[in-house]
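The numbers here are math on the coordinates, done by the rules we state, and not lab data. Remember, predicted model here, so these are calculated numbers, not experimental data. Cβ placement follows ideal geometry from the backbone for every residue including glycine, while neighbour counts extend to all protein chains displayed.
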Amino acid sequence: LAAGMVLSNEPGFYDKDLGFGIRIENLLAVAPRDTANKFGGKQFLGFDKLTLVPIQRSLIDPALLTHEEVAWIDAYHAHVRDQVLPRVDGRAREWLIQATEPLLGAAAAATPAGSDTAAGHTAAPAA
């Protein structure tokens, strides 16, 4: 991978016996990351989200998720809201506010949206 590349992240679950599946697709841009350690001078890379659409809440059962998974979804939704809300108004604005509420209420959104870990940013060494 190299900085500037765009790729898709498509985690999914499919159950042939139950006859259903679900997949969440997002586009990501490869970007340089600063790290505390330089690892022999190698530039580390990570991912920035390009797709800024809320994950459909009615398809999520928070009881099946870990605290970390709920925190990641809440941080992702906070990021979507921060980036998109200034660009919409009217019914779209109302929908976006509702669609990006924390899964378990405001008290559950304890992980800062700007945190690389909470927002789903990762770092890996460049080849």
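A few points about this structure:
- Cross-link partners of LYS42 among aspartates and glutamates (Cα-Cα below 15 Å; sequence separation of 8 or more within a chain): ASP34
- Formal net charge of residues neighbouring LEU7 (Cβ-Cβ distance under 13 Å; K, R +1; D, E -1): -2
- Amide H contacts under 5 Å for LEU45, placed H, 5+ residues apart: ARG33, ALA124, ALA126
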